[in-house]
Amino acid sequence: MDISYLPFANLLGIEIVEAKPELVVARLAVRKELCTIPDILHGGAIMSFADTVGAVATVLNLPEGASTTTVESKTNFLAPVPLGDTAIATCEAFHKGGRLMVWQTKITRNDGRLCAVVTQSQMVLKPEKKG
């Protein structure tokens with residue numbers, strides 16, 4: 001899936017590997033400029049990665065003309081992702097409603113270790129009626 005229209009996702013270097021209405025998988029190479037000290041992926045980068053993947057999942061499930069915005073996000077950090085590794089996001093739905101979608105994104109690293117779990121709520125914004 002091409003996300004070149006998302007400037008922040010491009011700045012981070014997010015690559016969508018798989019994108020279906022029920023599952024989105026993405027990768028993020030851990031570069032020095034995304035790290036904190038001591039050379040591990042910054043928590044804000046992890047949250048931004050998960051937020052982007054959850055938004056992509058929501059967009060795949062929106063009715064025509066609708067858009068989305070994140071209304072809540074909770075992250076549990078479980079293990080570091082070191083410089084030079086790759087963070088892998090796997091996003092699946094908890095709930096896909098007409099007004100709200102709730103997604104869980106698991107962030108792992110190349111060795112399969114679970115690094116973070118993000119639960120995110122996305123509001124469905126209906127198109128405004130003209131006239």
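Any read-out appearing in this document is the output of simple, stated calculations on the displayed coordinates, not a laboratory observation. Predicted, not measured: the structure shown is a model, and the values here were computed from it. Positions of Cβ are generated from backbone atoms using ideal geometry, with glycine treated the same way; all protein chains shown enter the neighbour counts.
Structure above, values below:
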| item | result |
| --- | --- |
| 222 nm mean residue ellipticity, helices alone, for the chain (DSSP H n ≥ 4; -39,500 (n - 2.57); rounded to 500) | -5500 deg cm²/dmol |
| Nearest 10 degrees, 0 to 90: helix 43-59 Cα axis against the chain principal axis | 30 |
| Fluctuation leader among Ala87, Ala116, Ala66 - the chain, Gaussian network, Cα springs under 10 angstrom | Ala66 |
| Fluctuation leader among Ile37, Ile46, Ile88 - the chain, Gaussian network, Cα springs under 10 angstrom | Ile37 |
| Per-pair calculated FRET efficiency, R0 = 25 Å: His42 and Glu22 via Cβ, rounded to 0.05 | 0.25 |
| Simple Cβ-charge dipole of region 7-125, Lys/Arg +1 and Asp/Glu -1, about Cα centre, in debye nearest 20 | 140 |
| Region 71-131 - charge dipole about Cα centre, Lys and Arg +1 at Cβ, Asp and Glu -1, debye rounded to 20 | 360 |
| Under Karplus coefficients 6.51, -1.76 and 1.60, residue-wise ³J(HN,Hα) of region 16-33 in Hz, glycine/proline x | 7, 8, 8, 9, 10, x, 9, 7, 10, 10, 9, 10, 9, 6, 7, 9, 3, 6 |
| Max mean-square fluctuation residue, GNM over the chain, Cα-Cα springs under 10 Å, options Leu23, Leu78, Leu114 | Leu78 |
